[in-house]
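Here is the structure we will look at, set down as structure tokens.
Every number here is computed from the coordinates shown, using simple stated rules; none is lab data. Please read all numbers here as calculations on a predicted model, not as lab measurements. Methodologically, a virtual Cβ is constructed for each residue, glycine included, from the backbone with ideal geometry; neighbour enumeration extends over all protein chains shown.
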Amino acid sequence: MGIFSREGASGFSASSTAEQVTQGIEGTGLTAIVTGASSGIGAETARVLALRGLHVVMAVRNMDSGVTVKETILKEIPNAKIDVRQLDLSSLASVRNFASDYNSSGLPLNILINNAGAGATPFKLSQDSIELVFATNHLGHFLLTNLLLETMKSTSRESNREGRIVNVSSLLHQYGYREGIRFDKINDTAGYNRYFAYAQSKLANVLHANELTRRMKEEGVEITANSLHPGAIGTKITRNDCFFQCLFNVFGIFTGKTIPQGAATTCFVALHPQVKGVSGEYFVDCNIAKSSSQAKDADLAAKLWDFRASGFSLWSTAEQVTEGINGTGLTAIVTGGSSGIGAKTCRVLTLCGVHVVMAVRNTAAGESVKETILEEIPGAKIDVREFDLNSLESERSIQAFQRRHRNAIATNHLGHFLLTKLLLKTMKSTSGESKIEGRIVNVSSSLHPDGYRKGIHFDKINDEAGYNRYYAYAQSKLANLLHTNELTRRLKQEGVKITASSLHPLKN
Ligand SMILES: NC(=O)c1ccc[n+]([C@@H]2O[C@H](COP(=O)([O-])OP(=O)(O)OC[C@H]3O[C@@H](n4cnc5c(N)ncnc54)[C@H](OP(=O)(O)O)[C@@H]3O)[C@@H](O)[C@H]2O)c1
């Protein structure tokens with residue numbers, strides 16, 4: 001540490017090392033994930049946590065570097081409990097794989113340290129077409145945290161110990177774009193400045209911890225979330241950037257830290273008894289510090305949390321619009337899940353943890369979609385059931401009616417109408433018992449206005465004379481919409497917690 005180092009209220013200062021601030025703390029029985037543990041602050045954090053007896057899971061992009069760090073730690077601490085697992089935070093699929101493997105491993109999770117970080121990088125898009133620094137530093141960690149939260153909650157409940165989430169931010173969080181987070185311009189190359197983009201992602205780390213705090217408190221869950229600035233440390237992130245390197249050369253003499261000092265605040269916030277029950281704070285040098293006014297802005301934090309909802313566009317994928325949503329405990333029926341949009345819907349719902357029942361006419365096709373999904377998401381909860389919307393013989397008197405009617409209206413509307421009606425009782429009791437809103441989603445089409453002049457040919461549904469297959473299709477899609485609207489009216493009237501919506505799925 002440089003020449004200025006004063007102890008704060010915690011009794012520690014900028015020159016305290018991670019070993020010093022965790023001296024005497026017994027971590028046996030605790031499990032922690034440290035992202036970006038393959039170098040710098042993350043590697044030292046993993047070492048010191050292992051030294052204190054924690055089971056450490058190093059979540060790293062580069063497995064070779066991760067294994068090298070693990071071997072070095074094992075040389076020093078032969079009985080260290082330490083694993084290395086692959087995680088690329090810039091890829092939502094990688095985050096999901098990591099979380100799904102972890103959640104199905106049966107390991108508990110007491111502490112999550114979101115440490116990994118991409119530095120100030122020239123504009124680049126991630127695999128998911130999101131600006132790389134924001135994708136890595138914020139979105140990847142946001143999704144990871146959400147996907148691991150259930151495991152953290154159950155660990156905390158079962159062990160009766162507080163869970164802790166630690167976001168490694170930076171002092172630079174206050175020196176970014178004027179508006180803080182450029183919600184509508186995340187991918188805008190025009191105004192891109194790599195230092196502002198880095199600062200934006202670090203501001204997002206603080207806001208994320210604060211909004212997590214609010215939500216955990218609201219839920220009454222014993223999990224805290226804090227953010228921190230580790231100090232100015234000569235690591236890969238600073239060495240690989242000439243601007244950061246220059247700053248470090250000039251100011252490092254006064255404020256620069258060694259890596260053991262750089263990991264101190266992280267280890268302090270993750271382990272120290274002084275931090276018990278403390279949440280939504282920003283730490284510097286192992287003491288609570290002031291973050292920027294934007295970082296304290298609760299509305300900004302809530303907006304960032306909901307950002308994906310406001311950022312959707314024509315090009316958004318099903319994965320993007322459901323990113324971070326945990327559907328565990330929900331059950332959905334998807335009709336026509338054996339191909340196309342239905343199959344994709346099944347895949348993404350299972351990715352979110354929903355138990356999906358694929359209602360399909362062709363069970364062989366359904367089983368093949370199921371197998372593909374299970375290959376990608378081994379823990380997916382997915383069943384295939386035979387179901388032909390065009391012949392609900394087993395169901396009721398509708399069969400006679402249905403046989404008399406044209407295919408499009410019978411399949412697209414009447415089959416779904418009857419199905420919805422027959423399942424409504426189950427949906428109502430599910431929603432009543434779980435206190436979770438039920439949702440009925442009718443996949444209509446923007447072609448719904450382009451049918452017969454009268455909309456629905458009530459007296460001529462089976463009239464061969466005026467039949468036009470395109471109008472008949474549009475008629476059935478209009479019926480989907482009308483069905484939705486009438487359902488909404490009736491459910492509201494009944495005061496039932498079930499919504500009904502219709503949609504057009506494709507680009508025009
Ligand atoms: N050093 C400082 O002065 C300073 C100051 C303020 C804040 N911070 C923050 O401290 C944290 C740790 O940085 P550091 O200084 O220790 O730098 P570092 O040595 O470069 O460590 C960064 C770590 O993040 C990992 N990482 C980068 N992109 C990743 C991705 N897409 N997926 C998974 N892991 C990825 C790196 O993995 P690879 O080995 O694969 O590259 C590396 O292990 C960062 O969040 C940084 O923003 C550092």
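As I understand it, the value is the acute angle between the Cα axis of helix 40-51 and the longest principal axis of the Cα atoms of the chain; what does it come to in degrees, rounded to 10? The angle comes out near 80 degrees.
All Cα-Cα separations within the range 65-145 were binned at 5 Å from zero, giving a P(r) of 3, 14, 20, 20, 19, 13, 8, 3, 1, each value a whole percent of the pairs. Bridge orientation summary for the chain: considering DSSP beta bridges with both residues in this region, about 10 percent are antiparallel. To make sure I understand the rule: partners must be aspartates and glutamates, Cα under 18 Å from the Cα of Lys257, and not fewer than 8 residues away in the same chain. Which ones qualify? Of all the aspartates and glutamates, those that pass the test against Lys257 - Cα under 18 Å, at least 8 places apart if same chain - are Glu7, Glu19, Glu44, Asp241, Asp285. When the charge dipole of the chain is built from unit charges on Cβ atoms (+1 for Lys and Arg, -1 for Asp and Glu) and taken about the Cα centre, the candidate among Leu143, Ala32, His504 whose Cα reaches farthest toward its positive end is His504.
Dividing the helix sum by the residues of the chain, where each DSSP H run of 4 or more adds -39500 (n - 2.57), gives a mean residue ellipticity at 222 nm of -13000 deg cm²/dmol.
For the peptides 75-88, 360-373, residues were scored by their other Cβ atoms within 10 Å and the scores averaged per peptide; the highest-first order is 360-373, 75-88.
Rg/Rh for the range 318-503 (Cα atoms only, Rh after Kirkwood) is 0.98.
Lys and Arg at +1, Asp and Glu at -1: add these up for the other residues within a Cβ distance under 11 Å of Asp188 and post the number. My count for the surroundings of Asp188 gives 0.
Per-residue packing, averaged as other Cβ atoms within 10 Å, sorts the ranges 225-232, 193-200 into the order 225-232, 193-200, beginning with the highest. Grouping the Cα pair distances of the range 227-297 into 10 Å bins from zero gives a pair-distance distribution of 19, 41, 32, 7 percent in increasing distance order. By the count of neighbouring beta-carbon atoms within 10 Å, fewest first, Ser91, Ser502, Ser446 end up ordered Ser446, Ser91, Ser502. Spatial offset of the range 248-300 relative to the range 322-353 amounts to 40 Å, using the alpha carbon center of each. Here is the link list: Lys303/Lys492; Lys217/Lys296; Lys217/Lys435. Which ones come out longer than 21 Å on Cα distance? The answer is Lys303/Lys492. Applying D = kT/(6 pi eta Rh) to the range 163-265, where Rh is the Kirkwood radius over alpha-carbon pairs, T corresponds to 4 °C and eta to 1.567 mPa s, the Stokes-Einstein value obtained is 85 µm²/s.
Computed log10 I(q)/I(0) for the range 428-508 at 0.26 Å⁻¹: -1.13, from the Debye equation with unit scatterers placed on every C-alpha and solvent omitted. Here, P(r) means the percent of Cα pairs in each 5 Å bin from 0 to the largest distance; for the range 1-111 it is 2, 12, 20, 21, 18, 12, 9, 5, 2, 0. Rounded to the nearest 20 debye, the dipole size of the chain about its Cα centre is 980 debye, using +1 on the Cβ of Lys and Arg and -1 on the Cβ of Asp and Glu. Relative to one another, the C-alpha centroids of the range 405-474 and the range 168-226 are positioned 44 Å apart. Cα extents for the chain along the principal axes, largest to smallest and rounded to whole angstrom: 93, 48, 43.
Sorting the segments 488-499, 276-287, 162-173 by their mean number of nearby beta carbons within 10 angstrom, highest to lowest, gives 162-173, 276-287, 488-499.
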